[in-house]
Amino acid sequence: MAQHSAVAAGRLEVGQLVVAGPSAGPSGVLTLAAPMGLRHPGRPIRGRVGLLGELLRHCTGDADGRLHVLHGLSGSGKTTLALEVVHEFQAQFGVTFGHCVWWIDARQCALFEGGLRAVARRLGISEDLVEAEGVLDVLWHRLSQMPWPWLLVVDGVEDPALLDGPGRVTAGTGWVRPHSCAHGLVLVTTCDGMAELWGSGAVLHPVLPLAEGDAARVLLDHAGPRAGTWSGAVRLARRLGGLPLALRMAGVYLAEVNGMPDSFREADMPAEFDVFVGALERSADADLHPAQVIAETWQLALGLLERRGFRHARILLELLSAFADTPVPYSRVLRTSLLNTQPGFEGIDGAALWRTLRALAALSLIDFCPGQGIEDAQSQSSQETACVRVHPLIRDLSRSERHLAVVAALLGQACRVQEAGKPEETDAWPVWSMLAPHGLELVEQEAALAGMPDGIQVAAAQAGEMAARYLQARGLSRQAGAVFEIVVLWRTRLLGPLNEETLTAQHNLAATLHDTGDLVRAEATYRRAWQGHCNERGPDFPHGLTARHELGRVLNDMGRLQEAEEHLTEVLRARQRLQGEDHGHTLSARHERARVLHSLGRWEEAGEEYRKVLQIRTRALGQGHSRTLTVRHNLACLAQDEGRLESALQRLRSVHDARTQLLGPTHPQTLATAYRLGCTLRDLGDSAQAQQLLQQVHEELSSTLGSGHAHVLRAQQALHSLGSAAD
């Protein structure tokens with residue numbers, strides 16, 4: 001259970017954010033950067049110039065506002081074309097507009113919604129609304145009003161229903177929808193081009209196999225002049241059906257064979273276009289489906305690698321294909337000490353693994369790419385951030401459930417806190433942004449894992465839970481809660497209802513219920529976790545104290561203040577006795593209890609507790625730290641409630657200035673302090689300043705939360721009271 005200690009640290013610190021709901025954290029957690037490392041700048045795009053120009057026209061003042069959907073077979077080059085649109089957009093408008101290109105990978109359903117919310121953050125929409133259902137209307141209104149060119153790419157939509165969200169994409173009310181900006185483009189890539197699934201607000205652009213001439217040029221681009229004549233390239237292009245992925249793989253294969261010394265080349269290795277056609281024609285099916293064409297080319301490439309001594313190439317490709325359809329951080333998950341114990345990987349060491357990865361990439365079976373979850377990799381080494389990605393079609397052809405147990409074992413090790421850090425700590429988020437999609441994939445594969453040894457299932461559940469903790473730390477509580485629900489049932493079946501890990505999953509589930517406002521279920525779930533720990537391990541067990549602390553927070557939010565005080569007082573006493581006055585958990589318990597005392601009207605006691613926390617926080621973190629500012633804000637509110645208005649005014653101005661500098665003027669915490677400051681100015685008779693400040697708060701909250709939100713109504717009432725005072 002050592003790895004679960006982050007639960008306490010993460011949740012208790014979040015619990016100190018008194019004036020705002022759970023934060024999704026910095027927008028940099030989820031990258032919106034296009035994966036330009038997958039673009040091949042030395043290879044000109046063939047056969048798509050007209051479509052490319054048509055798409056770019058929509059970013060230059062001639063947009064029709066509709067969704068533009070690139071659809072076609074897997075391997076037809078949809079993502080390649082989208083990357084080329086991004087490249088041309090950035091070349092035309094320069095780096096100034098780099099922040100107006102947003103790329104969202106829709107293959108990871110659990111993170112797709114987070115990508116749209118991250119776009120909302122980039123557009124300056126306040127954090128409270130970013131996590132609210134109404135964010136879509138505000139986001140698309142903001143995009144429609146953009147004064148400069150922008151490009152939003154949603155790549156790899158397998159099921160258009162994913163884009164519905166709370167509405168319907170066919171009705172123009174989905175996650176992506178039409179807009180009214182004259183220089184904005186929404187570009188979607190998908191295999192599904194059925195018009196009725198997209199509606200009249202979408203323009204469908206089929207990305208068809210290339211014509212013979214363009215396809216032959218692609219072969220020559222990759223294979224070089226030694227692979228044969230133009231007519232031979234045309235024949236092979238025709239045989240490969242003009243599918244860009246197949247053309248690229250065949251061209252790279254021929255270039256590799258022609259680059260070998262003649263003495264190393266075996267007689268049955270195709271080195272020319274016509275010979276390659278003959279190798280394909282020997283297949284039992286003379287009229288192959290494009291996927292089968294890829295499979296034949298893939299088999300030739302693997303055969304070449306095996307002949308060159310890469311005996312682990314085939315099984316390694318199959319293993320990589322068993323991970324989620326997202327970049328795999330190979331240096332973190334492919335541990336040779338564990339692989340060596342698996343059938344087929346005997347004798348593999350780090351050098352052999354690295355050489356095999358490079359060989360697979362050389363033949364275009366995989367692509368090296370930076371970790372797609374990392375926004376700012378400057379602090380990470382290249383080895384830390386590097387990933388490999390298997391093309392979706394090759395992944396489908398290579399994927400086998402027989403490697404799922406190995407994936408679970410590898411991820412169970414890679415997702416330990418000792419390896420990856422705590423998902424709640426921002427320093428660890430770049431790593432978790434890469435690991436989390438693979439942990440979530442294991443949860444999706446629970447049924448397939450059910451017949452495997454218990455140890456494998458425990459490792460898979462652990463990886464899934466850690467991934468969900470990352471989602472929750474990013475503010476995606478609904479998605480995290482759905483995963484925790486599965487993990488609780490999974491662990492209950494494997495380990496029993498009172499096992500520490502089962503109760504930890506219950507605790508994490510309760511946290512998501514609290515975050516999403518389901519207080520009744522949150523209370524019951526926290527209570528079960530707390531009582532389960534107490535009954536099995538005693539009242540002072542650390543995780544039991546954490547569950548009881550969170551139970552007190554829920555009761556406080558439910559208005560059951562006496563019960564909340566009783567629980568938090570007992571937690572505080574235990575923390576003081578077990579961990580000392582200055583420990584972070586002790587300070588959190590003291591601060592949360594002070595909030596309850598404040599609500600109860602026991603202001604003197606609340607002030608004493610606030611001041612004790614403030615002294616230690618200031619000494620440890622400084623005056624300007626967000627946690628210190630939270631305590632300072634609450635002390636200022638206490639002074640206002642007690643009628644000490646001059647003291648409250650001074651404190652609130654100081655906190656408002658600090659929060660504005662740290663968080664920005666429209667952050668929910670800054671606006672909360674601004675509201676209190678405006679009310680204090682009103683009560684002191686400074687109506688002009690109060691009017692200006694409260695009007696700003698009301699306008700900002702109205703534009704983001706809507707006119708019926710409680711905070712908006714509160715600000716409106718404060719403004720009304722100013723008018724009444726003037727009368």
(message) Please count how many residues of region 68-109 are assigned to a helix (DSSP H, G or I), within 28 Å of Leu440 (Cβ to Cβ) and either at pLDDT 85 or above or open to solvent by less than 30 Å² (accessible area, probe 1.4 Å) (or both).
(response) 6
(message) Can you find, within region 650-663, the residue that is modelled with the lowest pLDDT among those that are open to solvent by less than 20 Å² (accessible area, probe 1.4 Å) and either touching a His at 6+ places or on another chain (Cβ under 7 Å) or not aliphatic (A, V, I, L, M) (or both)?
(response) Arg659
(request) Output the residue which, of all residues in region 345-373 that are under 19 Å from Leu38 (Cβ atoms) and open to solvent by 20 Å² or more (accessible area, probe 1.4 Å), is modelled with the lowest pLDDT. (result) Gln372
(message) Name the residue that is modelled with the highest pLDDT, counting only residues in region 285-309 that are open to solvent by less than 40 Å² (accessible area, probe 1.4 Å) and either of a type outside the set (A, V, I, L, M) or over 30 Å from Glu266 (Cβ atoms) (or both).
(response) Gly303
(request) Determine if region 231-249 includes at least one residue that is at pLDDT 85 or above, open to solvent by 40 Å² or more (accessible area, probe 1.4 Å) and either touching a Pro at 6+ places or on another chain (Cβ under 9 Å) or polar (S, T, N, Q) (or both). (result) yes
(request) Would you check if there is a residue in region 566-579 being at pLDDT below 90 and either part of a helix (DSSP H, G or I) or of a type in the set (D, E, K, R) (or both)? (result) no
(request) Report the residue count in region 9-64 for those that are under 20 Å from the mean Cα position of the chain (by Cα) and modelled with pLDDT under 80. (result) 14
(request) Would you mind finding the one in Glu441, Glu425, Glu446 that is closer than 21 Å to Ala386 by Cβ and either of a type outside the set (S, T, N, Q) or touching a residue at least 40 places away in the same chain (Cβ under 8 Å) (or both)? (result) Glu441
(request) With the checklist (1) of a type in the set (Gly, Ala, Ser); (2) out of contact with any Ser or Thr (no Cβ under 6 Å at 6 or more places or on another chain); (3) open to solvent by less than 40 Å² (accessible area, probe 1.4 Å); (4) assigned to a loop (DSSP other than H, G, I, E, B) in hand, flag the one item Gly199 doesn't pass. (result) (2)
(message) Could you check region 135-160 and list, in sequence order, the residues that are open to solvent by 40 Å² or more (accessible area, probe 1.4 Å), in contact (Cβ under 8 Å) with a residue 24 or more places away in the chain and either assigned to a helix (DSSP H, G or I) or of a type in the set (D, E, K, R) (or both)?
(response) Glu158, Asp159
(message) When the residues of region 302-340 are narrowed to those that are among the aromatic types (Phe, Trp, Tyr) and either free of Cβ contacts under 8 Å to residues at least 40 places away in the same chain or part of a loop (DSSP other than H, G, I, E, B) (or both), which ends up farthest from His438 (Cα to Cα)?
(response) Phe310
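The values are calculated or read from the model by the stated rules, or taken from the named source; none is laboratory data. Computed from a prediction, not measured in an experiment: that's the story for all the values here. Note: ideal-geometry Cβ built from the backbone for every residue, glycine included; neighbour counts use all protein chains shown. The accessibility values were calculated without ligands, DNA or RNA, using every heavy atom of the protein model including side chains. Shrake-Rupley method; radii C 1.70, N 1.55, O 1.52, S 1.80 Å.
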